[in-house]
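The values are calculated or read from the model by the stated rules, or taken from the named source; none is laboratory data. Since the model is a prediction, treat every value here as computed from it, not as a measurement. For neighbour counting, all protein chains shown are included, and Cβ atoms are generated from backbone atoms with ideal geometry for every residue, glycine included.
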Amino acid sequence: MIQFYNTLTKKKEEFTPFNKDFVGIYSCGPTVYNYAHIGNLRSYIFADVLKRVLTYFGYNVKHVMNVTDVGHLTGDDDEGEDKLQKASASSGIDPYEIARHYEKIFFEDLEKLNIILPTVKCRATEHIEDMQKMVAKLLADGFAYETDQAIYFDITKFPTYTQLSGQKLDDKVVGARDEVNEDPQKKHPQDFSIWFKAKGRFANHIMKWPSPWGEGFPGWHIECSAMSIKYLGETFDIHTGGEDHIWVHHPNEIAQSECYTGKKFVRYWLHGAFLVVGKDDSDEEVKMSKSEGNFLRLQTIIDNGFLPVHYRMMCVSSHYRSKLTFTNKSLTAAKNAYENIRDFISRAVQIGGEKPSWVAEYVQKFEDAISDDLNMPVAMAVMNEMIKKAQETKEYNILEELYKFDEVFGLGFKEIAESSASLEDEVQKLIDERKVARKNKDFKRADEIRQELLEKGIVLEDTREGTLWHKV
Ligand code: AMP
Ligand code: ZN
């Protein structure tokens with residue numbers, strides 16, 4: 001039985017799919033006015049683990065991710081400027097060009113992190129008609145109203161509006177309200193725009209489309225509703241996002257979708273906790289945000305000498321619902337932990353042997369952990385225990401199980417083994433030559449060989465099983 005913590009019901013629930021053919025997952029995608037920071041990427045690693053767990057248990061996953069290339073304002077609730085318009089105004093570059101540039105880098109980052117790409121990637125700007133269809137119906141059915149500036153969803157028409165957030169309407173805290181930008185014709189402060197008119201503060205908006213309500217552009221929330229319904233159906237299984245979306249974006253998606261279809265929108269809401277940046281030598285933490293400009297990119301980590309897989313290791317070792325603090329120390333610890341596993345795999349490939357009889361017990365524990373609301377810290381601990389046992393018993397051939405676990409971890413264990421195997425011949429030749437040299441007391445040549453290999457990043461280790469090697 002797979003269980004997920006559902007933010008909607010605030011409890012762990014057994015997962016059962018809505019339809020036989022596929023499990024539908026929608027993940028709110030990036031707003032492509034800037035690079036994704038490693039916090040954003042944590043949310044996508046979480047969605048990736050979710051997908052991999054479902055796939056591990058035999059489900060056919062259909063994963064949809066949008067690309068927000070219009071309509072996301074600097075304030076999540078109708079305040080401020082459109083993020084792309086703002087980036088375009090300050091750089092002088094066309095917003096479409098900006099969007100495509102950052103979108104490309106975003107998906108490259110996902111690939112570097114071994115994240116399985118979504119089945120469907122969809123851009124907001126290419127689904128305007130779908131959104132307009134929703135806006136028109138919501139208006140016609142009395143769930144929305146028009147002002148001089150926008151079309152708003154009327155939250156008083158949706159009694160369960162606060163179910164996801166768990167907040168009362170009055171004490172809904174969504175950042176300081178921006179009275180200047182407030183539309184005087186808006187009926188309730190929490191009504192949200194599903195369509196912005198390209199006039200007033202949006203008069204210079206570059207990305208705009210004709211509509212029955214004049215030229216304008218869609219609100220950010222309607223994008224996710226329109227695209228998820230289009231590709232996954234009116235009711236689908238799982239919706240993911242960062243925890244910040246529990247208060248504004250996702251309640252809005254639910255309200256407009258359920259009023260539009262008259263059906264339940266999403267069955268399981270899964271939210272990932274935030275990544276914060278800490279300091280190695282103090283408890284100080286900084287919230288990372290693109291708009292604050294204080295963010296770390298995947299490339300920053302690479303420039304600091306780490307591999308993307310080290311960051312993935314850090315994320316997949318933590319629980320998606322726990323805050324994760326990023327420091328150089330914690331990334332280094334993840335790197336070391338990854339390298340220990342890598343060295344074990346390389347050793348296991350060299351030693352080979354029979355598959356030990358005790359592995360099944362670990363597979364069971366691993367499966368219990370991943371099906372318990374993606375308990376990856378436990379799954380990681382189980383894997384490490386299994387490796388420890390292999391080392392203690394000297395029964396190294398647990399590779400098949402490690403590859404199985406890696407279907408979920410996504411750390412590239414098979415590639416490690418393949419690269420070890422491909423180096424095997426070359427390194428083995430030198431190891432054999434060194435053995436002969438040592439036998440002949442030609443320690444100079446033996447040392448030369450060790451040095452030669454070290455320069456290639458290969459360390460030799462003389463063990464009871466003979467001379468083994470691993471990468472530095
Ligand atoms: P955005 O590009 O701002 O629309 O955000 C993309 C995704 O990243 C959303 O699911 C956010 O909830 C998530 N997110 C934003 N900041 C963080 C963070 N510091 N840690 C984890 N996820 C985040
Ligand atoms: Zn969304």
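Can we say H239 is more than 23 Å from F22 (Cα to Cα), surrounded by 21 or more Cβ atoms within 10 Å (Cβ to Cβ) and within 14 Å of ligand 1 (Cβ to nearest atom)?
No; evaluated as a whole, the condition is false for this residue.
Looking at segment 37-60, which of the residues that are buried (at least 20 other Cβ atoms within 10 Å of the Cβ) and of a type in the set (V, I, T) is farthest from ligand 2 (Cβ to nearest atom)?
Filtering segment 37-60 for residues that are buried (at least 20 other Cβ atoms within 10 Å of the Cβ) and of a type in the set (V, I, T), the one farthest from ligand 2 (Cβ to nearest atom) comes out as V53.
For M314, are the conditions met, namely being closer than 30 Å to L460 by Cα and within 19 Å of the chain's Cα centre (by Cα)?
Numbers: closer than 30 Å to L460 by Cα: yes; within 19 Å of the chain's Cα centre (by Cα): yes.
Criteria met by M314.
Looking at (1) surrounded by fewer than 17 Cβ atoms within 10 Å (Cβ to Cβ); (2) modelled with pLDDT of 95 or more, which one does A379 not meet, given that it meets all the others?
Single failed check for A379: (1).
Restricting the search to segment 223-256, which residues are more than 11 Å from ligand 2 (Cβ to nearest atom), farther than 23 Å from Q3 by Cα and in a helix (DSSP H, G or I)?
Matches in segment 223-256: I229, K230, Y231, A255, Q256.
Residue-wise test of (1) of a type in the set (A, V, I, L, M, F, W, C); (2) in contact (Cβ under 8 Å) with a residue 40 or more places away in the chain; (3) assigned to a strand (DSSP E or B).
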| site | (1), (2), (3) |
| --- | --- |
| W269 | yes, yes, yes |
| V277 | yes, yes, yes |
| E284 | no, no, yes |
| V309 | yes, yes, no |
| S330 | no, yes, no |
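What are the pairs with Cβ atoms under 6 angstrom where one residue, in segment 240-251, is under 17 Å from S225 (Cβ atoms) and of a type outside the set (A, V, I, L, M, F, W, C) and the other, located anywhere, is within 9 Å of ligand 2 (Cβ to nearest atom) and not in a helix (DSSP H, G or I)? Sequence gap at least six, or different chains.
So the pair list comes out as T240/S27; G241/C28.
Can you confirm whether F217 is in the same structural domain as A89 (by TED's automatic domain parsing) and either touching a His at 6+ places or on another chain (Cβ under 7 Å) or surrounded by fewer than 21 Cβ atoms within 10 Å (Cβ to Cβ) (or both)?
Judged against the criteria, F217 is a match.
Let me spell it out: the conditions are (1) among the polar types (S, T, N, Q); (2) within 25 Å of N340 (Cα to Cα); (3) without any contact (Cβ under 8 Å) to a residue 12 or more places away in the chain, and N440 meets all of them except one. Which number is the exception?
Every listed condition holds for N440 apart from (2).
Is there a residue in segment 196-215 that is away from ligand 1 (no atom under 16 Å from the Cβ), of a type in the set (F, W, Y), in contact (Cβ under 8 Å) with a residue 12 or more places away in the chain and closer than 21 Å to P118 by Cβ?
no
Is there a residue being modelled with pLDDT of 95 or more, among the charged types (D, E, K, R) and either surrounded by fewer than 19 Cβ atoms within 10 Å (Cβ to Cβ) or under 27 Å from V382 (Cα atoms) (or both) anywhere in segment 271-293?
no
Only one of these conditions is not met by L73: (1) within 24 Å of F274 (Cα to Cα); (2) away from ligand 1 (no atom under 13 Å from the Cβ); (3) among the hydrophobic types (A, V, I, L, M, F, W, C). Which number is it?
Every condition holds for L73 apart from (2).
What number goes with the only condition from (1) more than 18 Å from E285 (Cα to Cα); (2) within 19 Å of the chain's Cα centre (by Cα) that Y338 does not pass?
Going through (1) more than 18 Å from E285 (Cα to Cα); (2) within 19 Å of the chain's Cα centre (by Cα) one by one, Y338 breaks only (2).
Out of (1) touching a residue at least 24 places away in the same chain (Cβ under 8 Å); (2) closer than 27 Å to A337 by Cα; (3) part of a helix (DSSP H, G or I), what's the single condition that is false for L411?
(3)
E215 versus (1) away from ligand 2 (no atom under 15 Å from the Cβ); (2) within 17 Å of the chain's Cα centre (by Cα): which is the lone unmet condition?
That leaves (2) as the condition not met.
Go through (1) within 20 Å of the chain's Cα centre (by Cα); (2) within 29 Å of H205 (Cβ to Cβ); (3) away from ligand 2 (no atom under 16 Å from the Cβ); (4) at pLDDT 95 or above for N34 and report which single condition fails.
(4)
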